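What follows is one structure encoded as structure tokens, with my remarks underneath.
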Amino acid sequence: MNSCRANIRHYHATADVARTANHENHLRVSEIVQHARRYTNELLPIVQIALVFLPLIALVAGGIYHAIALSMLCLGVGLNLTAWCRSRYATLPLILLISLQDLLWYGTPLLVDHKSLHEYADIMILRSGVCLLLYLASMTIARRSIQQRMSPIHRRTLALDLSEQNVSGALKNVLLGGLAICCILEWMFVTGAIWPYLSKLPNGSLNVIRTALAAGECGAGFLFAFQWGRGTLPTNSRVLIVFLLVAIITARAASILLSSTVAFIGAILLGAYLGSGRVPWRAITITVLLLGFLNLGKFDMRGRYWNSPNQTISLSTIPDYFSEWASASGSKLFASSNSDRFTSATGDRGQSLTERLSNIQILLYVDRAVYQRGYSLLLGETYRASWHVLVPRVFWPNKPRSHIGQEILNVHYDRQTRAETFRTYIAWGLVPEAVGNFGLWGGSIFLGVLLGSSLGWVEQYTSNLPLFSLPSILACFLMISLTGSSGMVAGVWVASMLQISLILCVGLYPFMRWVRV
């Protein structure tokens, strides 16, 4: 009798899992987005009021020109936010995400009247606002045009078949195993234990491994966070998954490359948002505050550990390592404004969070270089020189570096010598790159139309597809990559996305089948 009852319970449990998997398998992107957008629509009036209120803060902090420039930026962001929330198509918020990122990176210095803006004339501040508004408005118009011309209808596509228990279980085990391997490799990078093995591999292997790690970590983190948000993640797996995710985040942070940590955390937060339909404000706030704090002492730690072969990290010294980092950041946080800042052997200075969020300074630098100092425009040279990013490095180990566009910009506009670009790159961003090529007005419209058309096409193409179809998964990774695109030029961004897409296609293909939509 007990055996019979156990079999019945097992049958019902298996049936529930099968029904849940089958439901997840047929979920379309539009269904998930509609659920999340309903919550965002409730917050829309509050966000719109905030976008109106922000220029008033800038007016008090920096004056009328800062306020006008920020109001134009907020207007452009508001256009994209309202267009996504009110659209009759429920699509992934690719353009909205890049607009919000632009508000953060270009608006923060205007909001706090950062000292980096003081060397530029008020009229240049005003022109930068017009440039950003043209760029954001062009994205909105281009996206709208794509929506009117393109109907999201498809016939067949590759998709994960989560309704098949053997496939679903195998995929979960592969992702868990892959996450564990990624965790081990990340800590081998941190402690230096991996370098003797890498020296025996062919040239270009390091980039392949790094890209594979990023793809695997972000993919697993996104999927598990999505399942957690929807309440379908098995309880017995949660502790292990949380442990692995925290261990990877800690390892990435310990490498003192915080930008790589942002993309991984962004994948987790995005999965949680789409799964639950609610913005994880608490997690976002903690992430911003913690990474902002660590960023203060980042250059001190680089100076101590990157330039000294005697300073090594081991698993046993990790608590002391982060304690030292917290001490370095704390000394910057509470130091007087007149105190000297640490300068590492590479020339890096300690930076506050608002100094990092200062892409508008680069935009103003290009404005002054072109319109006051007579520098010529590049007329698309950085885009033409980056054609080789379309070829994966695994097929061309000695291909030119993907940062060639950044090198051209820095050398042409006298921000670095060519020799200096081999040690480190000064970040630019997509908007300053476009302005450096085609000017304030031509560059802003060119980039807005390009991004609005391409990202709008991806949004529309995937809206009617299953969430776990291959195009939808790639679109989600594109959305994740947008969180780290603020300091990239187009060539670097495209190269990174192509490499991740190739690895995803190869890795997921065994678990996919053709389905009719």
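Residues 478, 465: which one is of a type outside the set (Phe, Trp, Tyr), touching a strand residue (DSSP E or B) at 6+ places or on another chain (Cβ under 9 Å) and modelled with pLDDT of 85 or more?
465
Would you check which residues across the range 49-75 are more than 24 Å from the chain's Cα centre (by Cα) and either open to solvent by 70 Å² or more (accessible area, probe 1.4 Å) or over 23 Å from residue 133 (Cα atoms) (or both) and list them?
49, 52, 53, 56, 59, 60, 64, 65 - these are the residues of the range 49-75 that are more than 24 Å from the chain's Cα centre (by Cα) and either open to solvent by 70 Å² or more (accessible area, probe 1.4 Å) or over 23 Å from residue 133 (Cα atoms) (or both).
Pick out the one residue from 452, 487, 456 that is in contact (Cβ under 8 Å) with a residue 12 or more places away in the chain, open to solvent by 10 Å² or more (accessible area, probe 1.4 Å) and on the phi < 0 side of the Ramachandran plot.
When all the criteria are applied, what remains is 487.
Hey, any hits in the range 508-515 for a residue that's part of a helix (DSSP H, G or I), in contact with a Gly (Cβ under 9 Å, 6 or more places away or on another chain) and open to solvent by 30 Å² or more (accessible area, probe 1.4 Å)?
no
Among all residue pairs at least 6 apart or on different chains, which show Cβ distances below 6 Å where the first residue, located in the range 142-168, is β-branched (Val, Ile, Thr) and the second is open to solvent by 70 Å² or more (accessible area, probe 1.4 Å) and modelled with pLDDT of 65 or more?
146/457
Which of the residues that make up the range 210-251 are in contact with an Asp or Glu (Cβ under 8 Å, 6 or more places away or on another chain), at pLDDT below 85 and not polar (S, T, N, Q)?
213, 230
Listed residues 111, 97, 92; which is modelled with pLDDT under 90, in a helix (DSSP H, G or I) and under 19 Å from residue 458 (Cα atoms)?
From the options 111, 97, 92, the qualifying one is 97.
Do we have any residue at all in the range 399-406 that's farther than 22 Å from residue 494 by Cα, open to solvent by less than 10 Å² (accessible area, probe 1.4 Å) and either in a helix (DSSP H, G or I) or at pLDDT 80 or above (or both)?
Taking every residue of the range 399-406 in turn, none turns out to be farther than 22 Å from residue 494 by Cα, open to solvent by less than 10 Å² (accessible area, probe 1.4 Å) and either in a helix (DSSP H, G or I) or at pLDDT 80 or above (or both).
Of all residues in the range 417-437, how many are under 19 Å from the mean Cα position of the chain (by Cα) and outside any helix (DSSP H, G or I)?
Looking only at that region, the number is 5.
Go through (1) open to solvent by 50 Å² or more (accessible area, probe 1.4 Å); (2) at pLDDT 90 or above for residue 164 and report which single condition fails.
Here residue 164 meets the rest and fails (2).
Could you please tell me which pairs satisfy a Cβ distance under 6 Å, a separation of 6+ or placement on different chains, a first residue in the range 84-97 that is within 14 Å of residue 30 (Cα to Cα), and a second residue that is open to solvent by 10 Å² or more (accessible area, probe 1.4 Å) and in a loop (DSSP other than H, G, I, E, B)?
Qualifying pairs under 6 Å: 84/93.
Restricting the range 228-278 to residues that are closer than 22 Å to residue 173 by Cβ and among the aromatic types (Phe, Trp, Tyr), which is most open to solvent (accessible area, probe 1.4 Å)?
243
Conditions tested, residue by residue: (1) under 24 Å from the mean Cα position of the chain (by Cα); (2) modelled with pLDDT under 80; (3) buried (at least 18 other Cβ atoms within 10 Å of the Cβ).
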residue	(1), (2), (3)
366	no, no, yes
371	no, no, no
377	no, no, no
388	yes, yes, no
393	yes, yes, yes
414	no, no, no
439	no, no, yes
443	yes, no, yes
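The values are calculated or read from the model by the stated rules, or taken from the named source; none is laboratory data. Just so we're clear, the structure is a prediction, and the values are computed from it rather than from any experiment. Here the Cβ is made from the backbone with ideal geometry for all residues, glycine too, and neighbour counts use every protein chain on show. Keep in mind that these areas ignore ligands, DNA and RNA; they rest on the heavy atoms of the full protein, side chains included. Shrake-Rupley method; radii C 1.70, N 1.55, O 1.52, S 1.80 Å.
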